[in-house]
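Let me begin by presenting the structure, written as structure tokens, before commenting on it.
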Amino acid sequence: MMKILITGGTNGMGKGVAKVLASIDNQSHEIIILCRSKELGDKVIEEFKETTLNEKVSLVICDLTKLSDVDNAISEIQNKHTFLDGIFINAGLGYAAQRVETEDGMDPHFQVNYLSHFMLTLNLLSLLEKSQSGGRVIFNVTEGGKINWDDIQMEKDWGYEAGIQQAMVAKRMLLVKLHNLYKNKNNSKISFIGFQIPKTVWSNQINIIPVFMRMMATLMKVFGRFITIEECGEMMAPLFTENQEESLKKSGKFITLKNNEFLEIKEDMEILNQELQEKLWEISLELCADEKTTQISKSLFSLEQFDG
């Protein structure tokens, strides 16, 4: 039995992974869905109970555009659970018609798709360390993109696609840095894996994109360019349920699925640059402005310095 936290588990890839994990292995896995809407979350819980027969599905309500919500979610998870076996770093904003700012004064794509997950992940590492099956953090990421180091909040040059890609780069840097930090930790059981889905998942995004984009997407669906959320879940489920040894072999890597086999994608040199990783890390700590997260960071880096 695995206990897995899934961010953005009410739509798209997150829902597909949650649904499949809830249904397999005699409904033995416990699924925790982190989402913004209690109403939508409750509907998904009821749907899962009917379709998967799994009663071990619960909600954590958290708006990732608010760091205060992230802090509250962390406390709730830590109070309710003594361990976690896995986290799916998945929730994210997609299409947006214009730039807005969060209540924390940030670009929503950067905050939701990356920064709030940075804070969430660091604070839940202690629960993953208590996993008997080997904790694993699976990141929903894609290739390409760049970080706008001089304008991370994209105040001067905004575009929703560039915002998404910047967050993807940041997540890939984070997983590599966490992998390298944990390599220095004795008897580490946590793996950090980036996964790129090989086909586009048909999700609720189709309802909010402009009409011309919707027409193109519908045509692409006819030609088999999309997969269902359930097909996505079936592809990804082994990453959450495989044994610790197999998971650790993938740690620090950026992978995809081809011909039913997980294959490594060659990572960009910028992602592997340790100075840039640490630059992003320091920026992230400053933006989180959270003492607990800062203390966790210090403990992780003290291990690196001690072993380095």
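The values are calculated or read from the model by the stated rules, or taken from the named source; none is laboratory data. Being a predicted model, the structure only gives us computed values, none of them experimental. Positions of Cβ are generated from backbone atoms using ideal geometry, with glycine treated the same way; all protein chains shown enter the neighbour counts. When the accessible area is computed, the model is the full protein with side chains, heavy atoms only, and any ligands, DNA or RNA have been set aside. Shrake-Rupley method; radii C 1.70, N 1.55, O 1.52, S 1.80 Å.
Near Thr7, the amide H atoms lying under 5 Å from its own belong to Leu34, Phe88, Asn90, Ala91; only residues 5 or more places off or on other chains count, and H is placed 1.01 Å from N. A simple spin-label model places pseudo-atoms 7 Å from Cα toward Cβ; at Glu261 and Asp25 they are separated by 2.5 nm. What fraction of the Cα pairs in region 1-76, stated in percent, has a spacing above 19 angstrom? So the portion of pairs separated by more than 19 Å is 29 percent.
For the cross-link pairs Lys130/Lys156; Lys19/Lys171; Lys38/Lys183, the ones whose C-alpha atoms lie over 32 Å apart are Lys130/Lys156; Lys38/Lys183. Over the residues of the chain, the helix contribution to mean residue ellipticity at 222 nm works out to -15000 deg cm²/dmol, using -39500 (n - 2.57) for each DSSP H run of at least 4.
Direction-averaged projected area, Cα convex hull, region 37-162: 9.6 nm², rounded to one decimal. Only protein atoms count toward the accessible area here, which uses a 1.4 Å probe; on region 28-185, the carbon and sulfur part of that area reaches 45 percent.
Evaluated with a Cβ-only charge set (Lys, Arg +1; Asp, Glu -1), the chain carries a dipole of roughly 660 debye about its Cα centre, given to the nearest 20.
Taking label positions 7 Å along the Cα-Cβ direction at both Gln274 and Lys249, the computed distance is 2.7 nm, reported to one decimal. A Förster distance of 41 Å, applied to the separation of the beta-carbon atoms of Gln132 and Ser302, puts the FRET efficiency at 0.95. DSSP beta bridges fully contained in the chain are about 15 percent antiparallel. For Gln196 and Glu291, the FRET efficiency from 1/(1 + (r/R0)^6), where r spans their Cβ atoms and R0 equals 30 Å, is about 0.30. Placing unit charges on each Cβ (+1 for Lys and Arg, -1 for Asp and Glu) gives region 69-194 a dipole about its Cα centre, and among Ala167, Val141, Leu93 the Cα reaching farthest toward its positive end belongs to Val141. With contacts taken as Cα pairs under 8 Å and at least 6 residues apart, region 28-174 reaches a relative contact order of 23 percent.
Taking every alpha-carbon pair under 8 Å whose residues sit at least 6 apart, the chain reaches a relative contact order of 19 percent.
Calculated accessible area for the chain comes out at 47 Å² per residue, all protein chains present (probe 1.4 Å; ligands, DNA, RNA ignored). Each part reduced to its alpha carbon centroid, region 154-180 and region 77-127 end up 13 Å apart. Where a ≥ b ≥ c are the square roots of the eigenvalues of the C-alpha gyration tensor, would you call the chain rounded, which needs a/c under 1.5, or, failing that, prolate if a/b is larger than b/c, or oblate? Verdict is rounded for the chain.
By its C-alpha gyration tensor, with a ≥ b ≥ c as the square roots of the eigenvalues, how is region 151-201 shaped: rounded for a/c under 1.5, else prolate for a/b larger than b/c, else oblate? Because a/c hits 1.5 or more and a/b fails to exceed b/c, region 151-201 counts as oblate.
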